[in-house]
1. What aspartates and glutamates could a cross-link reach from Lys24, if we take a straight Cα to Cα line under 14 Å and drop same-chain neighbours fewer than 8 places away?
2. From the phi angles alone, apply the Karplus equation (6.51, -1.76, 1.60; θ = phi - 60°) to the range 80-91 and give each ³J(HN,Hα) in whole Hz, x where the residue is Gly or Pro.
3. For the pairs Lys90/Lys177; Lys46/Lys76; Lys18/Lys89; Lys18/Lys62, note any where the Cα-Cα span goes beyond 24 Å.
4. Once label points are set 7 Å from the Cα along Cα→Cβ at both Phe203 and Ser75, what is their separation, rounded to one decimal in nm?
5. Name the residues whose placed amide hydrogens come within less than 5 Å of the amide hydrogen of Glu5, ignoring near sequence neighbours (fewer than 5 apart) on the same chain.
6. Compute log10 of I(q)/I(0) for the range 119-204 with the Debye formula, placing one identical point scatterer on every Cα and leaving out solvent, at q = 0.19 Å⁻¹, to two decimals.
7. For the pair Ala59 and Ile160, what calculated FRET efficiency results from E = 1/(1 + (r/R0)^6), where r is the Cβ-Cβ distance and R0 = 22 Å, to the nearest 0.05?
8. Determine Rg/Rh for the range 1-111; Rg is computed over alpha-carbon atoms and Rh is the Kirkwood hydrodynamic estimate from the same atoms.
Amino acid sequence: MEYYELHPVTPQTRYINKAVEVLKSGGVIIYPTDTVYGLGCDIYNKEAVERIYSIKNEALTKLYSFLIPDLKDISKYAKVSDYAYRMMKKHLPGPYTFVLPASKEVPKKLWTKRKQVGIRIPNHNIAIQLAKELGNPIVSTSVTNRKGDVLFNPEEIKIIFNSQVDLMLSSGALNGKPSTIVDLSSDIPEVLREGAGDASEFFI
């Protein structure tokens, strides 16, 4: 596994480019977000997505969200009501995953049984730059051990995943919680998981 330490605010472009090369070639990477470290690949690479399921030892029915750099092309990946767009614009970038009806552009492997997708725009320059430079959304699922515990220390992550992923971008130890998940499929929001983001205004 290639391993690079990046500045979280002004990440070194050469390391971002190395990670993007890996993603474009169908590789799997670990990268920091505004909550926890993410395990990711290009959502359009079927083999890489399946590899992440294998690494995490999870069923192919498990929902993985994906990361986009901004809301500019959101309608390409999901059906967004005016209400949902206002909520997302207010809270993103930030520690939230918003669940929306899937568009046909998104591979069905990343749909829930209800034909929904989870979308992330983290408030973290490394994650945002990765998605911008790749030009495609990036799978976003928390880096965990086999027990399902979230891992925050990059040195521990490096040891555990050294032979399983192709590259890791580190920005130091993280101590956040996983993102707050909010279903905006209708105009009545539903909090599916309370995490790092304030969920209070979504309770009705």
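1. Asp42, Glu47, Glu133, Asp166
2. Once rounded to whole Hz, the list reads 10, 6, 4, 4, 4, 5, 4, 5, 5, 5, 6, 10.
3. Violating the 24 Å Cα-Cα cut-off are Lys18/Lys89; Lys18/Lys62.
4. 3.5
5. For Glu5, whose amide H was placed from the backbone, the distant partners under 5 Å are Ser170.
6. -1.06
7. Values: r = 21 Å, r/R0 = 0.95.
So, using R0 = 22 Å, E works out to roughly 0.55.
8. Numbers: Rg = 15.1 Å, Rh = 15.7 Å.
Expressed as Rg/Rh, it is 0.96.
Coordinate-derived values only; no laboratory data. In this text the structure is predicted, and so the values were computed from the model without any measurement. When we count neighbours, we look across all protein chains shown, and the Cβ atoms used for this are built from the backbone with ideal geometry, even at glycine.
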